[in-house]
1. Counting just the residues of region B:158-187 that are in contact with a helix residue (DSSP H, G or I) (Cβ under 7 Å, 6 or more places away or on another chain) and not in a helix (DSSP H, G or I), which one comes out farthest from residue B:97 (Cα to Cα)?
2. If you scan region B:197-223, which residues turn out to be more than 7 Å from chain A (Cβ to nearest Cβ), more than 18 Å from residue A:96 (Cβ to Cβ) and buried (at least 24 other Cβ atoms within 10 Å of the Cβ)?
3. Kindly indicate which of B:292, B:331, B:312, B:305 is modelled with pLDDT of 85 or more, away from chain A (no Cβ under 14 Å), surrounded by 13 or more Cβ atoms within 10 Å (Cβ to Cβ) and at negative phi.
4. Within region B:188-234, can you find the residues that are touching a strand residue (DSSP E or B) at 6+ places or on another chain (Cβ under 9 Å) and part of a helix (DSSP H, G or I)?
5. I want to confirm something. Restricting to region B:235-284 and keeping residues that are crowded, with 24+ Cβ neighbours inside 10 Å and in contact with a strand residue (DSSP E or B) (Cβ under 9 Å, 6 or more places away or on another chain), which single residue is nearest to the other protein chains (Cβ to nearest Cβ)?
6. How about region A:197-251: which of its residues are in a strand (DSSP E or B), in contact with a helix residue (DSSP H, G or I) (Cβ under 6 Å, 6 or more places away or on another chain) and farther than 20 Å from residue A:139 by Cβ?
7. Hey, any hits in region A:145-167 for a residue that's outside any helix (DSSP H, G or I), in contact (Cβ under 8 Å) with a residue 24 or more places away in the chain and facing chain B (nearest Cβ under 10 Å)?
8. Go through the residues of region B:294-304 one by one and say whether even a single one is closer than 30 Å to residue A:74 by Cα and in a helix (DSSP H, G or I).
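The values are calculated or read from the model by the stated rules, or taken from the named source; none is laboratory data. Because the structure is a prediction, the values reported are computed rather than measured. For neighbour counting, all protein chains shown are included, and Cβ atoms are generated from backbone atoms with ideal geometry for every residue, glycine included.
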């Protein structure tokens, strides 16, 4: 049973076709990469998946149910968590609070419970904080629990954002350029982290990345996007030598050079 | 014991105020000013939920206040007095006023919360300046509607709420209005505090910080906005109901953009996202207005000037984003943060 299925997705921004006949199937447990030049439509694909955009045509199935017309928070509730290209934490709240709020969808109480401070409220609140602390512990961030995310070093902020996605208890984790703006040693740590959380939480991970080091060492399958179209798919080494990929990245001359 | 310290302290202060009122130790003028302080505390702290915690710019708070004021007044006049605008159809006699007064206030709050939907629903799609214009429009819609309903006095307004208060004091002679003001301040502050203190309510702050992230990371932004707007306008409605009974006379001209601005000034003076700041600034601002009354027209030169000076030196307001317990950590040890 495929975990996620894109069926003939087309998406337009006005007259511009951002995604063109996109078909893709993700099996459970895969670690797949989505690469492509800037403006190829990678983030658009993620935004379509998380329900932020509605595809103009086509259907997206998650665990064989259509998620095309769900709101973003409903998609998330199904177990599809993501991080953002430019870190989007709630900066006026502490790391711990950030990780609590992301559990909003399974808050087992209504606002009336909060106002009357009922037993349900306290039990649920405790469970939420416990899970957040547990995730922070696992990621080695418990000392940062009461810090504000914006005060943390960049690498840690990324870690916190991944932690926030993990509080959703996802089955599919989308990482949008997790290594953007990182130095080489941070990148090594990140690669290790992604590998490790995949084992630890039995995740299917789909990542967008420009850093070839990350993509090549992590992904089992790559999907190359250019002008909203898949131009190549396969193992990293296949994709690396595919002339269409090279021409997409380097222009036609680059492809000629590679062939010669 | 320590758990309930703040509650006990609040009740003690309330008792003190009520006794002072009962014994007439203060002259009636000061009594009325104190009641206005109470009403302003409710108004500013409820607006703070929208303007401070949610980061929207709502400038039509007086509109919700008007709905509450008219709903409570009409209901009370109809139920408890013979000079009712609706004739005798719902008259049940003045002796029930004592018991049903808070109920009518809550109904007024619900009515205002429903009008709050007029702002809450557009807020799903738009925010920032555009939502500010919508709130302004709602303020005018409410005001103009009331102006044009002749049954309830139209632009002339209507009066007679004193009779309701008299009906209550005839039964038991204690300062009922102040008691209900104090009670509803307590209830609304606790409700707001608990709401924004809960993880559910922190969704409001998440919307302020990054709405896209909130929406994608599982916060049902529409529901959270709906609750926030309805809670805020509901409390404003209750405050309006009390306001009408303190004054004994209301007309639509009271609930214009000027009144909304006054409430907004209190919020920004106290600091956005700080409930204790709102309470403090409501007290400070109301008292300041009264102290500067001898200056007559020059009051309106001096007060804006003070505001400008404040914004120059403390643009984040008196308390900024912090609560009193953040400024004086010693207080936190005394008051467990969960209660009040």
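1. Within region B:158-187, the match that is farthest from residue B:97 (Cα to Cα) is B:158.
2. Answer for region B:197-223, where residues must be more than 7 Å from chain A (Cβ to nearest Cβ), more than 18 Å from residue A:96 (Cβ to Cβ) and buried (at least 24 other Cβ atoms within 10 Å of the Cβ): just B:207.
3. Result: B:292 is the single residue among B:292, B:331, B:312, B:305 that is modelled with pLDDT of 85 or more, away from chain A (no Cβ under 14 Å), surrounded by 13 or more Cβ atoms within 10 Å (Cβ to Cβ) and at negative phi.
4. Taking region B:188-234 and keeping what is touching a strand residue (DSSP E or B) at 6+ places or on another chain (Cβ under 9 Å), we get B:216-218.
Once the filter is applied, which keeps residues that are touching a strand residue (DSSP E or B) at 6+ places or on another chain (Cβ under 9 Å) and part of a helix (DSSP H, G or I), region B:188-234 yields only B:216.
5. B:240
6. A:208, A:222, A:224, A:225, A:226, A:231, A:232
7. Yes, that holds for at least one residue.
8. no
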